[in-house]
There are 2 protein chains.
Amino acid sequence: MMSRVDTDRFLADLHALREIGRFKTGVHRPTYTPEDMESRRWLCDRLAECGLTPTLDGIGNVIGRHPGAGPHLLVGSHIESQNEAGWLDGALGVVAGVALARAGLPVDVVAFADEEGHYGGFIGSRSFIGALDEAEIDTLANRTHGKPLRQALTEAGLAGKPRFKGDPSRYRGFLEMHIEQGTQLEAAGLGIGVVTGIVAIRQYRIIIDGMQDHAGGTTMAERRDAGLAAVRLLAAIDAEFPRVCGPRSTWTTGRITLEPGAPSIIPGRAEVLFQLRDVDPTIIARMEAALAALIQEHNRRDRCPARLEPISLSTPAPCDAGFQEALAAEAEALSPGCWQRMPSGAGHDAQWVARVMPVAMLFVPSIGGISHHWAEDTKDADLALGVRVLAGAAARILAG
Amino acid sequence: MMSRVDTDRFLADLHALREIGRFKTGVHRPTYTPEDMESRRWLCDRLAECGLTPTLDGIGNVIGRHPGAGPHLLVGSHIESQNEAGWLDGALGVVAGVALARAGLPVDVVAFADEEGHYGGFIGSRSFIGALDEAEIDTLANRTHGKPLRQALTEAGLAGKPRFKGDPSRYRGFLEMHIEQGTQLEAAGLGIGVVTGIVAIRQYRIIIDGMQDHAGGTTMAERRDAGLAAVRLLAAIDAEFPRVCGPRSTWTTGRITLEPGAPSIIPGRAEVLFQLRDVDPTIIARMEAALAALIQEHNRRDRCPARLEPISLSTPAPCDAGFQEALAAEAEALSPGCWQRMPSGAGHDAQWVARVMPVAMLFVPSIGGISHHWAEDTKDADLALGVRVLAGAAARILAG
């Protein structure tokens, strides 16, 4: 069933898609905008060219179904972009699916809607696996301008169309090719990342209560300074987490808000946005236990009590071991020694699809690690190698 | 020259002034508003009642001049309020001056304009000592709504009036009675604070530069997290400052701004509002040297360099030793053992007047330390004791 991928055609398809909603060297295709819908129609045409049967469904997902008997693989990603963002994020995985279809591989190709979260995040892949109900659609609205999702679906001509639910029994599994959005591959001089899994993201709000007071009239001994308490707690996390984390764990404080935030007022309240990520549930559990213990210890000795409020708690999505082997074998065959295994620190549609079938992801390098910005880019040679490895691995999986 | 202060009349004057711009149990008299100007005209009438010659000058200062031969004391404070704030902050010191004048003491009474900084801060006391020129007045505007100071002066009927410059040779010095705006006196069960000096406030911006990156794709070892660097530096200050500070030093971080401030983005820049206060220049110098050393040490080991930008650097204003003795002697006579010496952690008009003549300040307790809020209050007995101590001390100084 193997045939060679036409990498020139693959790059030509990618560049054609880049013209839709072009912004500087990137694209501006927010979900359900005219540009996004144009890209979905463009994709339907490409899928038909390959002999697949395209469907644009009621949530905006495009699915191209292969006419032949199984086994099949599902290949794809998302096609909309962040605002004024890069041309490869999402689009690469979709066009890679087209390339595998053009090469005659028995694949269904999918472009999920709104992975980027203009309306909710992952609503296309969640709809595909049956994890998005009508009641939730009623509640969602655009995060920037507030337009209700229902209105956006109507304006995009999607209201009333059925939503397509994938049949897991049809597929050996799902493959998603993506740019790395980091600098690990570039720094190591490697061309391919075989993804071991998609990290869990545990997002918390740490709230610390103190007593707002005048910075001149209140002695240090009297104070209950919520901001200083936050600094002490975050310094303790900084000291302790390296002892309990795994080799690729990350933890990040993205925002510290002191209230009222004036130069001469002792903060009465502090709010910290804190998250941790790892691909290994055991390590996640260890880090969360350490966080809980640090807060308990803080509350035993500090005058300003801290509490932890979960904002969102995703679970890790491990990639299928056999699929990883197929990707690794093909990478080693085509580019010996120039690949590595690595977790995905960012979220992807594959983490939802993994709930119903085996998944795997392949990363190619991002120049300078730039992502979610129009300057995002990857060398043509890396793009071409990536799609060849993906095709070879797909053939290995389908033959297996 | 001594005569008894009529404390009932003093309290009646205070309550009459409280009705002008009343807000709940406090007042709303921002500088140059109709309510503020009404309070200044009210004061002129009271001063005339006492036999003083009142002047409302071109910056809004009210000065009531005693007709007799010297020596004189200048007594007063400010009369405008913060927004929706307390009835005593400022007003107390002005009405105390009226009470001393009513008691026949040879005092000039002053109400300085805009100590509260609606337009600039201390512009009345700075004008009085000759430290505010016309060019600066041209540049000032309301901090809330942006109205130019010149326009506010015109609307208040003050444009074109001369500004009154005080003649230091006329005065033995300046006395300002004020609420404590803290809880030191209340906590110690004391009625009088003899102020040793007004602290210097050294206000800085600490800026830390890092590298903005995706929180998922960037390993801990690669990061240049400006927010984490800020936490480490502030924790180091928290550990080191207690070793170099004085008994009443304070230091405060009022705001921490991480950019861009999103949950999944490593902060590329951190900005910290940091201030320190002390009444002793030697201690200020020691703390500032420690701060500079901590930043230097930080920059030697951290990947995110920090730098210190001064925002405003005031100097301490010590109170006159002889005046303090007079206040202390009178406090001990009227309320034995129920007073203490203490610095003022907040700024006051007296710190500017101190540049041209000796000054002293007397504090009375603030209930619950509440200030800059309409709930601000002080017990009648504490107000009455305070004005009696002030009058007695004034008599001692004038007799000295």
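Structure summary
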| item | result |
| --- | --- |
| Qualifying positions in segment A:223-258 - outside any strand (DSSP E or B), within 30 Å of B:Ala346 (Cβ to Cβ) and more than 7 Å from every other protein chain (Cβ to nearest Cβ) | A:Arg223, A:Arg224, A:Asp225, A:Ala226, A:Ala229, A:Ala230, A:Leu233 |
| Long-range neighbours under 6 Å by Cβ, at least six apart or interchain, first residue on the phi < 0 side of the Ramachandran plot within segment B:44-70, second of a type in the set (Ser, Thr, Tyr) and in a helix (DSSP H, G or I) | B:Ile59/B:Ser127 |
| Selection from segment B:368-386 of residues that are touching a helix residue (DSSP H, G or I) at 6+ places or on another chain (Cβ under 8 Å) and outside any loop (DSSP other than H, G, I, E, B) | B:Gly368, B:Gly369, B:Asp380, B:Leu383, B:Ala384, B:Leu385, B:Gly386 |
| Hits in segment B:144-158 (condition: closer than 16 Å to B:Gly121 by Cα and either among the hydroxyl-bearing types (Ser, Thr, Tyr) or surrounded by 12 or more Cβ atoms within 10 Å (Cβ to Cβ) (or both)) | B:Thr144, B:Lys147, B:Pro148, B:Leu149, B:Arg150, B:Ala152, B:Leu153 |
| Residues of segment A:159-181 satisfying the condition of being part of a loop (DSSP other than H, G, I, E, B) and surrounded by fewer than 21 Cβ atoms within 10 Å (Cβ to Cβ) | A:Ala159, A:Gly160, A:Lys161, A:Pro162, A:Arg163, A:Phe164, A:Lys165, A:Asp167 |
| Test: residue in segment B:67-74 that is surrounded by 24 or more Cβ atoms within 10 Å (Cβ to Cβ) and touching a strand residue (DSSP E or B) at 6+ places or on another chain (Cβ under 8 Å) | yes |
| Single residue of segment A:259-280 satisfying the filter (within 26 Å of the chain's Cα centre (by Cα) and at the interface with another protein chain (Cβ under 8 Å from one of its Cβ atoms)) that is nearest to B:Arg205 (Cα to Cα) | A:Leu273 |
| Condition check for B:Gly368: modelled with pLDDT under 95 and of a type outside the set (S, T, N, Q) | yes |
| Check on B:Ile198, of a type in the set (A, V, I, L, M), in contact with an Asp or Glu (Cβ under 7 Å, 6 or more places away or on another chain) and more than 8 Å from chain A (Cβ to nearest Cβ) | no |
| Enumeration of residues in segment B:231-267 that are small (Gly, Ala, Ser) and touching a residue at least 60 places away in the same chain (Cβ under 8 Å) | B:Ala236 |
| Residues that are free of Cβ contacts under 8 Å to residues at least 40 places away in the same chain, not β-branched (Val, Ile, Thr) and not assigned by TED's automatic domain parsing to the domain that holds B:Ala326, drawn from segment B:175-227 | B:Gly217, B:Met220, B:Ala221, B:Glu222 |
| Check on A:Glu116, in contact with a Ser or Thr (Cβ under 6 Å, 6 or more places away or on another chain) and within 22 Å of A:Ile201 (Cβ to Cβ) | no |
| 2 or more residues outside the structural domain of B:Gly173 (by TED's automatic domain parsing), in contact (Cβ under 8 Å) with a residue 12 or more places away in the chain and surrounded by fewer than 16 Cβ atoms within 10 Å (Cβ to Cβ): qualifying strands (runs of 3 or more DSSP E) within segment B:268-367 | B:306-313 |
| B:Ile208 being within 14 Å of chain A (Cβ to nearest Cβ) and modelled with pLDDT of 95 or more | yes |
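The values are calculated or read from the model by the stated rules, or taken from the named source; none is laboratory data. Owing to the predicted nature of the structure, the values given are computational and were not obtained by experimental measurement. Every residue, glycine as well, gets a Cβ built from its backbone with ideal geometry; the counts of neighbours run over all protein chains shown.
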